[in-house]
Amino acid sequence: MIHTVKVHNNNNINMFTVESGKNLLDFLRENSLYVSTPCGGQGTCGKCRVKVKGLMKEPSEKEKTLLKSLGDANDLRLACYNTVEADIEVYLGYSDKEASIVTEGIEKNIDIAPLLGKKSLKLDVPDINDQKSDVDRIIEAISLFSTKDSGIASSIVSGTDKSVDYITMESLETIRELPKIIRKDYIVTVISYEGKIIGVEQGNTEDKNYGVAVDIGTTTIAAYLYDLKTGNKLDVYSTLNPQGKYGADVLSRIEYTNKSSSNQLEMHKIIIDSLNKIIGIFEQNNGILREYIYSIVFAGNTTMMHFLMDLPARYLALSPFIPVTTRMYKVKSSELGININKSGLAIVLPCVSAYIGADTVAAVLSSNMNKSDEIYLLIDIGTNGEIVLGNKDWMYSCSTAAGPAFEGANIQYGVGGIKGAIDKVNFTDKLEYHTIGSEKALGICGSGIVDAVAGMLEKGIIDETGRFIDKTEYSPENDSLGRDYIERLEEIDGMNSFILARREETEINSNIIITQKDVRELQNAKAAIAAGIKVLIKQAGVIGEDIKKVCLAGGFGNYINISSAFKIGLLPSDLNEKNVVSIGNAAGAGAIEGLLSKYNLDEMETIKNKIKYVELSAMVDFVDEYVNCMFFE
């Protein structure tokens, strides 16, 4: 039997026909309709909430439990628990909210030296006395340029003798096209890479030389369009990573790809399709053709790089955590299915280990740790926390399984950095909070959770062990907390909780609360990060006072209140709060540096080889530090 499903997504309404019995989440995924699924559709997170109108089967007890906290929102259902059994209408709700994605990072003055060069040439017209072949005619024209000239002559001609023996044209496809390209007016533009001519274009297209840098995050994608002739940034585009429909964390996605080779290919195609869509947006926004984009540089964690290259990621998740490769790759973009110039290159930046990826290598470059005599600490906090400690002479790194608390996944009312997410909380005489976009509250994101727990700790609402003080311990007559705070303490479903936003203030028509379980989730996450930092400090044989700069990278690092991070012990107390800076999307900034200069690509190879990876699961010290860091300092 066939049913009709009408889907309301933002201001769009789409009609679909669906076979009876089709799982609702599978249907949404297959039609590229985004719904939050941090657990990958395993039925444990309760985040794939959609509003449904029409006949549905009765919810199971487990679904009722997961939805129970939503008050009067009786028409909400969990997509993963339900099948299409009749004609229905589905409202995607806050799942389609615009995400607030950090794209800015440290900007530097870079001497432009792109990996691919372009140079226009005016060729001699052949005659009966000049019967050189088309290939030789181009190579002879190149050899006339001094190696001091910019562009193709410098990149192709090797050595001081400018011998044409060093110049090659190895692409048979390029050679086949030469007769047609050359004979229009004998003006051509050659494209070079490492002493080879890899493309020839008709006319003078020397000024049309563009490149793209991409940070493929587990949660988000940030892409940057640059003019490689001038070094100017032309456009920036960011979006949620569409792979998120198979889980908020890399392990859920790896598990999905392990089920079949077709699933692995699908994960690859999802990211490639998204990249091609972004390139199309760059075309439209900037009036350029994708044929004039010649290079695209990728940063991302090791799992994302495996998915990008369609490599099996199975063994990244199994001890002893062995990647297929951690090397840098410079491949034809067409090999990956990326639609830029047919001679274009895709550069996949190097990784260090299964859990220290190309994003960390790029972030080190952006932070300038690799050039510093002083000791830096770089922290990128997400589902995993990547940490690097060191300077230009040495570097230690580790990755901590912080869990998805900072991303909001394991928090009852947790959401990502979307409009309406509570991102700041201020505990003064009365509680005040701020939401992204200043919209009505619909949940709380990572920076808001840290603020809230820090404030509750300071007010004595929770103690150093993370335990909520029972409401009965307070008396309005003699307690210094204040009535506003006392009234926010409630026992909900047998669990002590604190109301951040009251029902009438929210978009979801429900109190937004922080529960005792939420506090425990945050404790686990912050303990993993803090313990990782302490182990690296001990491994390096330094002390906290020796660290002169602490760089917080990524979206969470950009928005977090640094004072709150110290209050809850996310950042150890022996670090100097004055030395902490947010450096934005450092992975994206590092990818940009590699796009603009081939010498920065070489430097990232050096950084990769300099970083010593410390496997925390093999360190006895880590377990001890983790237990100690569970307490709030």
ask   = If you check Asn286 against the conditions, is it under 25 Å from Asp207 (Cβ atoms) and surrounded by fewer than 21 Cβ atoms within 10 Å (Cβ to Cβ)?
value = yes
key: Positions within region 217-232 being farther than 20 Å from Leu345 by Cβ and without any contact (Cβ under 8 Å) to a residue 24 or more places away in the chain, in sequence order   = Asn232
message = Quick test for you: out of Asn204, Asn209, pick the one residue that is surrounded by fewer than 19 Cβ atoms within 10 Å (Cβ to Cβ) and more than 23 Å from the chain's Cα centre (by Cα).
response = Asn204
query = Do you know which residues across region 9-22 are in a strand (DSSP E or B), surrounded by 11 or more Cβ atoms within 10 Å (Cβ to Cβ) and either modelled with pLDDT under 85 or among the polar types (S, T, N, Q) (or both)?
reply = Asn9, Asn14
task = Being loosely packed, with under 14 Cβ neighbours inside 10 Å and touching a helix residue (DSSP H, G or I) at 6+ places or on another chain (Cβ under 9 Å) is the filter; apply it to region 136-151 and report the residue that is modelled with the highest pLDDT.
result = Asp136
remark   = Cys398 meets each of (1) over 19 Å from Val535 (Cα atoms); (2) out of contact with any Lys or Arg (no Cβ under 8 Å at 6 or more places or on another chain); (3) of a type in the set (A, V, I, L, M, F, W, C) with one exception, condition (1)
query = Does Lys6 fit the bill of being in a loop (DSSP other than H, G, I, E, B), surrounded by fewer than 20 Cβ atoms within 10 Å (Cβ to Cβ) and among the basic types (Lys, Arg)?
reply = no
note = Restricting attention to region 101-143, the residues that are in contact with an Asp or Glu (Cβ under 8 Å, 6 or more places away or on another chain), free of Cβ contacts under 8 Å to residues at least 24 places away in the same chain and not in a helix (DSSP H, G or I) number exactly 2
For Leu311: the one exception among (1) under 30 Å from Thr205 (Cα atoms); (2) hydrophobic (A, V, I, L, M, F, W, C); (3) more than 14 Å from the chain's Cα centre (by Cα) = (1)
note = Note on region 491-516: residues charged (D, E, K, R), within 32 Å of the chain's Cα centre (by Cα) and part of a strand (DSSP E or B) are none
message = Just to check your reading of the model, which residue among Ile512, Ile533 is buried (at least 19 other Cβ atoms within 10 Å of the Cβ), over 23 Å from Gly417 (Cβ atoms) and out of contact with any Asp or Glu (no Cβ under 8 Å at 6 or more places or on another chain)?
response = Ile533
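Condition check ((1) outside any loop (DSSP other than H, G, I, E, B); (2) within 18 Å of the chain's Cα centre (by Cα); (3) within 19 Å of Thr302 (Cα to Cα)) across all residues:
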| position | (1), (2), (3) |
| --- | --- |
| Gly569 | no, no, no |
| Pro572 | no, no, no |
| Leu575 | no, no, no |
| Lys578 | yes, no, no |
| Gly588 | yes, yes, yes |
| Ile592 | yes, yes, yes |
| Leu601 | yes, no, yes |
| Thr606 | yes, no, yes |
| Asn609 | yes, no, yes |
query = Would you say Val214 is in contact (Cβ under 8 Å) with a residue 60 or more places away in the chain, assigned to a strand (DSSP E or B), in contact with a helix residue (DSSP H, G or I) (Cβ under 7 Å, 6 or more places away or on another chain) and among the aliphatic types (A, V, I, L, M)?
reply = yes
request  = Please find, within region 571-621, the residue that is surrounded by the most Cβ atoms within 10 Å (Cβ to Cβ) out of those that are among the aliphatic types (A, V, I, L, M) and farther than 21 Å from Lys371 by Cα.
outcome  = Leu571
task = Report yes if some residue within region 267-275 is in a helix (DSSP H, G or I) and either basic (Lys, Arg) or more than 19 Å from the chain's Cα centre (by Cα) (or both); otherwise report no.
result = yes
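The values are calculated or read from the model by the stated rules, or taken from the named source; none is laboratory data. The shown structure was predicted, so the numbers you read here are calculated from the model rather than taken from an experiment. Cβ atoms come from the backbone with ideal geometry, glycine included; neighbour counts cover every protein chain shown.
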